[in-house]
Amino acid sequence: MAFELIAAVVFGFGTAGIAMLLRKIAPSLIPRFVVPASAGLAMLGFTIWSEYAWFDRQASSLPAGVEVATTAATASPLRPWTYVRPFVNRFIAVDVGGAKRHEKAPGQVLVDLYVFERYAPTATAPLLVDCAAARRADIADGAVFKDDGAFADVVWREVGAEDPLVRTACAAG
């Protein structure tokens with residue numbers, strides 16, 4: 001967040017400098033209010049660009065084997081342009097490259113979820129998915145497959161095969 005604030009201010013000063021130079025070259029053509037107005041518009045424009053580009057920057061920096069499963073777009077009255085086109089400020093990625101299966105329970109897969117949110121630290125959580133029954137369960141840290149391929153005390157949620165987390169996790173080999 002601090003980087004974006006500094007970048008917006010630098011961008012505003014740079015744009016104001018260009019406007020001042022143009023005003024010095026042609027003072028009769030460019031009114032004085034253009035200098036602060038151009039700085040403000042440049043900072044606002046940079047901020048808007050940064051909001052809309054955040055998801056693409058984050059998604060492109062994911063390591064191999066980690067796939068985006070679902071996104072959440074938002075609109076806000078403090079950002080009226082988001083009602084025209086909401087921007088993605090949260091998404092969940094699934095580590096399909098590190099998916100674990102047990103030979104006695106081949107229809108189940110254990111994956112790690114990464115929850116990314118703008119201006120928040122990344123959260124990680126394990127998820128157990130039953131591909132055959134199209135259901136999923138949150139797993140406590142440190143849980144492992146038992147000898148029979150099952151987990152103890154699992155609370156399954158019936159979500160259906162179209163659930164993005166189930167679909168992404170089950171696509172993993």
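Between the residues F87, A42, A99, the greatest Cα displacement towards the positive end of the dipole of the stretch 29-165, with unit charges on the Cβ of Lys, Arg, Asp and Glu, is found for A42.
Each Cα pair under 8 Å and six or more residues apart adds its sequence gap; the mean of these over the residue count of the chain is a relative contact order of 15 percent.
At a probe radius of 1.4 angstrom, the accessible area of the stretch 1-81 per residue rounds to 67 square angstrom.
Note on the stretch 14-87: with charges restricted to the Cβ of Lys and Arg (+1) and Asp and Glu (-1), its dipole about the Cα centre is near 460 debye. About its Cα centre, the dipole of the chain is roughly 1080 debye, where the only charges are +1 on Lys and Arg Cβ and -1 on Asp and Glu Cβ. Rounded to the nearest 20 debye, the dipole size of the stretch 71-121 about its Cα centre is 160 debye, using +1 on the Cβ of Lys and Arg and -1 on the Cβ of Asp and Glu. Each label was represented as a point 7 Å from its Cα along the Cα-to-Cβ direction; for R85 and I6 these points are 2.9 nm apart. Per-atom-type breakdown for the chain gives carbon and sulfur 63% of the accessible area (1.4 Å probe, protein chains only). Where the centre of each part is set by its Cα atoms, how far does the stretch 1-47 sit from the stretch 55-96, in angstrom? If you average the Cα positions of each part, the centres end up 29 Å apart.
Of the residues F13, V129, A169, the one whose Cα sits farthest toward the positive end of the charge dipole of the chain, with +1 on the Cβ of Lys and Arg and -1 on the Cβ of Asp and Glu, is F13.
On alpha-carbon atoms, Rg over Rh for the chain using Kirkwood Rh?
On the way: Rg = 23.9 Å, Rh = 19.5 Å.
Result: Rg/Rh = 1.23.
Counting other Cβ atoms within 10 Å of each Cβ, which trypsin sites (Lys or Arg not before Pro) in the stretch 1-110 have at most 16 and sit in a DSSP loop?
Details: sites: R23, K24, R32, R57, R90, K100, R101, K104; in loops: R32, K104.
Counting only loop positions with at most 16 other Cβ atoms within 10 Å, the trypsin sites (Lys or Arg not before Pro) in the stretch 1-110 are R32, K104.
Taking DSSP loops as anything outside H, G, I, E and B, show the longest stretch in the chain free of chymotrypsin sites (Phe, Trp or Tyr not before Pro) there with at most 15 other beta carbons within 10 Å.
So the longest stretch without any such site is 34-118.
The values are calculated or read from the model by the stated rules, or taken from the named source; none is laboratory data. Owing to the predicted nature of the structure, the values given are computational and were not obtained by experimental measurement. FYI the Cβ positions are ideal-geometry reconstructions off the backbone, even for glycines, and counts take in every protein chain you see. For accessibility, only protein heavy atoms count, side chains too; no ligands or nucleic acids. Shrake-Rupley method; radii C 1.70, N 1.55, O 1.52, S 1.80 Å.
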